[in-house]
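The values are calculated or read from the model by the stated rules, or taken from the named source; none is laboratory data. What you see is a predicted model; the values in this text were computed from it and never measured. Here the Cβ positions follow ideal geometry from the backbone for every residue, glycine too, while neighbour counts run over all protein chains shown.
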């Protein structure tokens, strides 16, 4: 239309009339959208089932690591919850998942006759770690603050000792995820790098924004290219790490005794749970939102990522209960095994590819059930530009930024296939206080915060379905 | 500059050079600002005393209603804390405050022989209410859902009864303050309006975003123009209100017994506490930030408004500890008596007027110590336009909106004098869960959230001081 006007094809009067109608149409459409979005948020804030769904998942099922009986219960629950939300169909996508079990509670004992200390430290084995078995291991401790320091110390200082990665979560970062990203490599790769120099076990300071006594678990990986030897590895609480540092200053000869009883069993069969509403116009084009169903065994997986699962399920309920018929098929995906393997995310990607399913867009919500902040949107295929235009529709609802680049671990395989991905960003200040701990429980969920973020996802799905084409 | 270029006064080359220097200067200045602001936030997130100051105020002093011994302790504490923060001087501004005391714990008993209920309801007298005394009052209950309903019922239905304002906090509002604003008139004016029709006492459903068993106090006023008769008035918890509604449906003849022992003593002398750093260039021009020092007696006044007080004090510390010498005088004001009288806010306004102090700008922080969201800025004297320009300096720190219109109750008198006022807006989702209850305690404060908001105020003060002139 703009081109025709520019070329002087029509008289100024005709141009004015055309412009008037363009403005009118846009303004009516924008009014309709803003009125529908008000209804959507109203639904979420007053009638949705996100909170009660999450209460069940977190408190009745609780921790649900891949391969566990609780994960199996969670699959059944998710299927039921999706049907109750109004899914036209629920697909169970099979995947084989790692099956790591913690076994009997870990022990980590700090002993220093010189400092008159013999103390059980709050600790937890890291996912995928081998166990020491009941005999345990005991050794002197070498404190390391960076990879560079480890290299410098080398075999001479490390051999036969327990390496203690004393790397702090940098509180000066505004986004706590940045601090997490800086410290988490020590959890993931620390064991093999320490084993390379002959360490007998590996301890990390918990990746936490809170100076408390909770140990934070999380996955680790053995890198056989770095070292063929696998050593037991665990996290100790922030306060335990402080005590260890303090005691080391008094007594370089102190010892740590570690007993972990974890082990990796054979891979187990499991599933992604995919709830779907069929599109009225383009049923073979999919818009998906997902969170992960598995959660660490020590807590209830309320924020990580029960919140994302119930927010995703509620998108189906929102369309159904408000009587909005989506043009495209809408899917809520409860991914399995995000925490320690990504088997579910990979299985979904392969399924989509094998079945040649056209995915218009994929959103992941896996940063806790806090107040909304932003959408991070891939710049491919015009989606970012479109979502940016809608920003003013979201600002009244406290979602105030649309940023370039988005996605998440579970939808990573879709991103590789060229699907435009969106990462949902809630407020991150409190997330790493409780992330991967026994404190990630339902009582930490705030109903209005959970629903305001769920509403942002619901409203975005309404708009993408209505306006986005490729 | 733009006009000259437009008029073709200089050649294109000269224009280009001039433009280059404009861009260069702006960009250097903006780089300096963004680097200083990074330092400011870094200070707040890693070194500030906001959290420890608030811990002391909330847990060692606790509830501190105007006229109480705790309020007196809080005045002494604030003076000390301001000097410790680096204030060049601390002024105690006298004011006479209302002195209402709760007295012996209230009782509110619901009795229905028909429904087999005789139950003590969780309740609290409202500030400024008269007490029933130990004899108490007993009466049948008439439920009212709006002013219109009260008018319709009239004397015929109301006389001799206890009026129960059963008005819900509307959860569909995005900002919880909107819902509070809708319901709070029933707390403030309900008693006199009920007394007009012969009610013997008045009960309100707590103004709360949480369906729990905590009663929320707050101030009320008797309006002698509406009724000369003063009746006792109290709030019951959300759950108690639900029980009352439910029981009324079974038994219209049920009775409520109310015993409150509150009373209003003679006005008491008190103070605003004003900490000041002298400006290096314009010491007689003031930029002030304030919160209120008084807090309801039932809780610790952590979010309301210990948070605002310590955030304000920390602005002084930030300038001093980072070695930034402000051009104008900077004041942190701990206002007295915001909760039940505004004597402190009025005294400050009068002081400023009497002394002909030029106030460049005034900020109030009194919405809880949560994550930052926005500045609301008065459009007078160019401040809004200026702050809007700085928006991009704040977005990396999660303060994402600059809105028109700002201020607060305590700086209201300054606004009337034409001082441009700013209201600081944190995230509001959790505030009215605990507002005016026994649950407004220090453990509800999140250190990073408190400091990120404090940092926004600190950074804004740095910019206003540097760039704002009238």
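Could you go through segment A:388-400 and let me know if any residue there is away from chain B (no Cβ under 14 Å), within 22 Å of the chain's Cα centre (by Cα) and at negative phi. No - not one qualifying residue is present in segment A:388-400. With respect to (1) in contact with a strand residue (DSSP E or B) (Cβ under 9 Å, 6 or more places away or on another chain); (2) within 26 Å of residue B:120 (Cβ to Cβ); (3) crowded, with 18+ Cβ neighbours inside 10 Å, the lone exception for residue B:245 is condition (3).
Does residue B:234 satisfy being crowded, with 20+ Cβ neighbours inside 10 Å, more than 14 Å from chain A (Cβ to nearest Cβ) and part of a strand (DSSP E or B)? Spelling it out, residue B:234 is indeed crowded, with 20+ Cβ neighbours inside 10 Å, more than 14 Å from chain A (Cβ to nearest Cβ) and part of a strand (DSSP E or B).
Yes/no matrix, rows are residues, columns are (1) within 14 Å of another protein chain (Cβ to nearest Cβ); (2) in contact (Cβ under 8 Å) with a residue 12 or more places away in the chain; (3) within 18 Å of the chain's Cα centre (by Cα):
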site: B:335; (1), (2), (3): no, yes, yes
site: B:343; (1), (2), (3): no, yes, yes
site: B:346; (1), (2), (3): no, yes, yes
site: B:351; (1), (2), (3): no, yes, no
site: B:373; (1), (2), (3): yes, yes, yes
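Is it true that some residue in segment B:255-276 is over 23 Å from residue B:130 (Cα atoms) and not assigned by TED's automatic domain parsing to the domain that holds residue B:347?
Within segment B:255-276 (the criterion being over 23 Å from residue B:130 (Cα atoms) and not assigned by TED's automatic domain parsing to the domain that holds residue B:347), the answer is no, since none of the residues qualifies.
What's the number of the only condition in (1) within 20 Å of the chain's Cα centre (by Cα); (2) more than 14 Å from chain B (Cβ to nearest Cβ); (3) closer than 30 Å to residue A:267 by Cα that residue A:377 fails to meet? Only one criterion in (1) within 20 Å of the chain's Cα centre (by Cα); (2) more than 14 Å from chain B (Cβ to nearest Cβ); (3) closer than 30 Å to residue A:267 by Cα is unmet by residue A:377, namely (3).
Let's see how each residue does on (1) surrounded by fewer than 19 Cβ atoms within 10 Å (Cβ to Cβ); (2) part of a helix (DSSP H, G or I); (3) out of contact with any strand residue (DSSP E or B) (no Cβ under 7 Å at 6 or more places or on another chain):
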residue: B:34; (1), (2), (3): yes, yes, yes
residue: B:54; (1), (2), (3): no, yes, yes
residue: B:66; (1), (2), (3): no, no, no
residue: B:103; (1), (2), (3): yes, no, no
residue: B:114; (1), (2), (3): yes, no, yes
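Scanning segment A:68-91 for residues that are touching a helix residue (DSSP H, G or I) at 6+ places or on another chain (Cβ under 7 Å) and surrounded by fewer than 16 Cβ atoms within 10 Å (Cβ to Cβ) yields A:73, A:86. With respect to (1) within 14 Å of another protein chain (Cβ to nearest Cβ); (2) surrounded by 16 or more Cβ atoms within 10 Å (Cβ to Cβ), the lone exception for residue B:172 is condition (2).
When the criteria are applied in full, residue B:263 meets the requirement of being surrounded by fewer than 19 Cβ atoms within 10 Å (Cβ to Cβ), within 22 Å of residue B:64 (Cβ to Cβ) and either within 14 Å of chain A (Cβ to nearest Cβ) or over 22 Å from the mean Cα position of the chain (by Cα) (or both). Between B:65, B:19, B:73, B:57, the distinction of being more than 14 Å from chain A (Cβ to nearest Cβ), modelled with pLDDT under 95 and on the phi < 0 side of the Ramachandran plot belongs to B:19 only.
A quick yes/no check of all residues on (1) out of contact with any strand residue (DSSP E or B) (no Cβ under 7 Å at 6 or more places or on another chain); (2) part of a loop (DSSP other than H, G, I, E, B); (3) away from every other protein chain (no Cβ under 14 Å):
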| site | (1), (2), (3) |
| --- | --- |
| A:119 | no, no, yes |
| A:124 | no, no, yes |
| A:133 | yes, yes, yes |
| A:142 | no, no, yes |
| A:163 | no, no, yes |
| A:178 | yes, no, no |
| A:184 | yes, no, yes |
| A:193 | yes, no, yes |
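Listed here are the residues, each with its yes/no results for (1) at positive phi; (2) assigned by TED's automatic domain parsing to the domain that holds residue B:238; (3) more than 21 Å from the chain's Cα centre (by Cα); (4) buried (at least 18 other Cβ atoms within 10 Å of the Cβ).
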| site | (1), (2), (3), (4) |
| --- | --- |
| B:125 | no, yes, no, yes |
| B:128 | yes, yes, no, yes |
| B:132 | no, yes, yes, yes |
| B:147 | no, yes, yes, no |
| B:164 | no, yes, yes, yes |
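Of the candidates A:139, A:218, A:190, A:198, the single residue that is in contact (Cβ under 8 Å) with a residue 24 or more places away in the chain, surrounded by 24 or more Cβ atoms within 10 Å (Cβ to Cβ) and closer than 28 Å to residue A:264 by Cα is A:190. Number of residues in segment B:262-289 that are touching a strand residue (DSSP E or B) at 6+ places or on another chain (Cβ under 8 Å) and either part of a loop (DSSP other than H, G, I, E, B) or under 17 Å from residue B:98 (Cβ atoms) (or both) equals 14.
Here residue B:361 qualifies as under 29 Å from residue A:427 (Cβ atoms), away from every other protein chain (no Cβ under 14 Å) and touching a helix residue (DSSP H, G or I) at 6+ places or on another chain (Cβ under 6 Å). Of all residues in segment B:406-413, one or more are more than 14 Å from every other protein chain (Cβ to nearest Cβ), in contact with a strand residue (DSSP E or B) (Cβ under 8 Å, 6 or more places away or on another chain) and at pLDDT below 95. The number of residues in segment B:150-161 that are within 31 Å of the chain's Cα centre (by Cα) and either surrounded by fewer than 16 Cβ atoms within 10 Å (Cβ to Cβ) or over 12 Å from residue B:193 (Cα atoms) (or both) comes to 0. Do we have any residue at all in segment B:438-450 that's crowded, with 20+ Cβ neighbours inside 10 Å, assigned to a loop (DSSP other than H, G, I, E, B) and within 12 Å of chain A (Cβ to nearest Cβ)? For segment B:438-450, residues crowded, with 20+ Cβ neighbours inside 10 Å, assigned to a loop (DSSP other than H, G, I, E, B) and within 12 Å of chain A (Cβ to nearest Cβ): present. Only one of the numbered conditions (1) touching a strand residue (DSSP E or B) at 6+ places or on another chain (Cβ under 7 Å); (2) not in a loop (DSSP other than H, G, I, E, B) is violated by residue B:433, and that is (1).
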